[in-house]
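> Before I ask anything, here is the structure I am working with.
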Amino acid sequence: MSRWDQLNIFFNKTGAVVIFGLNALRGRTINSQGAAVGAWNSSNAESLIRYTVKKGYRIHGWELGNELSGNGVGTRVAAGQYASDTKSLQSIVQNVYAGFEAKPQVLAPGGFFDENWFTEFIHKTPQSLQVVTHHIYNLGPGSAGDLIPKILDPSVLDGISQTFKSLQSLLEKSNTPAVAWVGESGGAYNSGHNLVTNAFVFSFWYLDQLGMSASYDTKTYCRQTLIGGNYGLLDTNTSYRIRITTG
Ligand SMILES: *[C@@H]1O[C@H](CO)[C@@H](O)[C@H](O)[C@H]1NC(C)=O
Ligand SMILES: *[C@@H]1O[C@H](CO)[C@@H](O)[C@H](O)[C@H]1NC(C)=O
């Protein structure tokens, strides 16, 4: 808990709006097909949320899980199970913040868009979710040698528009009040590529992403990362100045 205390002192001093991702694998077992099965055990998350409220720390949103939607990355959780776990998280938030006028948002699933999975998930979370989060790494692996031509090719950049379009129409057609966010996006996965994703050329990718997100009604775009990898927004080589690549 001392690390959580230190982080919250930092959040408080910086005025950061914090979304905290909770471990959604607790209590599940991995079956022989590599899927995580069984219900989420929320007891540890609930303790953390209760402690956070007791200390007066401000958390804007609690997000359930990381990259477990669709085929997942590492492992996956079925949409129906995820919806029921999201409902559990929402009821914990409603309980713990009972006396609060403004309650934190509940966000999920924080994974890659998969039409069938997201359709079922959104259909089954009509009351329990404020934000549908999805992740984007549309340039492929950071180790690839052809990142610069991809960043400068409009047809490559447009390749991800179907994801935005499908999610927007899914939300419009369903009766959920939830909105879409890009919950994590760093362009090229595995930490990007030095002197590409931390250089001026990368601003073409980022500006295109911000414009595309806005045009498909995405309410917030969380950029991977503030510090770290080859795509950090703060340049640790130059006394933490914000890079020109932030666009
Ligand atoms: C959830 O985890 C807690 C603490 O580790 C444990 O005491 C409890 O029995 C678990 N609940 C279920 C339903 O497995
Ligand atoms: C930051 O410094 C390291 C070590 O000198 C260097 O390898 C890297 O290319 C620098 N990064 C940028 C973006 O200039």
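> What number of residues within the stretch 198-215 satisfy the criterion of being open to solvent by less than 50 Å² (accessible area, probe 1.4 Å) and touching a residue at least 40 places away in the same chain (Cβ under 8 Å)?
11
> Suppose the filter is within 16 Å of ligand 1 (Cβ to nearest atom) and within 23 Å of GLY183 (Cβ to Cβ); does GLY27 pass it?
yes
> Show the residue pairs that are 6+ apart or on different chains and have beta-carbon atoms under 7 Å apart, the first residue being within the stretch 165-187 and of a type in the set (Val, Ile, Thr), the second being open to solvent by less than 10 Å² (accessible area, probe 1.4 Å) and not in a loop (DSSP other than H, G, I, E, B).
Cβ pairs passing all conditions: THR176/ILE122; VAL179/VAL131; VAL182/HIS134; VAL182/ILE136; VAL182/SER213.
> Of a type outside the set (Asp, Glu), buried (at least 19 other Cβ atoms within 10 Å of the Cβ), touching a Cys at 6+ places or on another chain (Cβ under 7 Å) and assigned by TED's automatic domain parsing to the domain that holds ASN230: is that true of GLY183 in this structure?
Criteria met by GLY183.
> Could you please give the count of residues in the stretch 114-143 that are over 12 Å from GLY187 (Cα atoms) and either crowded, with 21+ Cβ neighbours inside 10 Å or not hydroxyl-bearing (Ser, Thr, Tyr) (or both)?
Of the residues in that region, 20 qualify.
> Is it the case, given these coordinates, that GLN168 is open to solvent by less than 60 Å² (accessible area, probe 1.4 Å), touching a Lys or Arg at 6+ places or on another chain (Cβ under 9 Å) and either assigned to a helix (DSSP H, G or I) or outside the structural domain of VAL77 (by TED's automatic domain parsing) (or both)?
no
> Give the residue that is least open to solvent (accessible area, probe 1.4 Å), with candidates limited to residues of the stretch 216-236 that are more than 12 Å from ligand 2 (Cβ to nearest atom) and of a type in the set (D, E, K, R).
Taking the candidates together, the pick is ARG223.
> Got at least one residue in the stretch 189-197 being touching a helix residue (DSSP H, G or I) at 6+ places or on another chain (Cβ under 6 Å) and either charged (D, E, K, R) or open to solvent by less than 30 Å² (accessible area, probe 1.4 Å) (or both)?
Yes, there is a match, as at least one residue in the stretch 189-197 is touching a helix residue (DSSP H, G or I) at 6+ places or on another chain (Cβ under 6 Å) and either charged (D, E, K, R) or open to solvent by less than 30 Å² (accessible area, probe 1.4 Å) (or both).
The values are calculated or read from the model by the stated rules, or taken from the named source; none is laboratory data. Just so you know, these numbers come straight off a predicted model, no measurement behind them. Every residue, glycine among them, receives a Cβ derived from its backbone with ideal geometry; neighbour counts consider all protein chains shown. Each accessible area value is taken on the protein alone, full model and side chains, heavy atoms only, with ligands, DNA and RNA left out. Shrake-Rupley method; radii C 1.70, N 1.55, O 1.52, S 1.80 Å.
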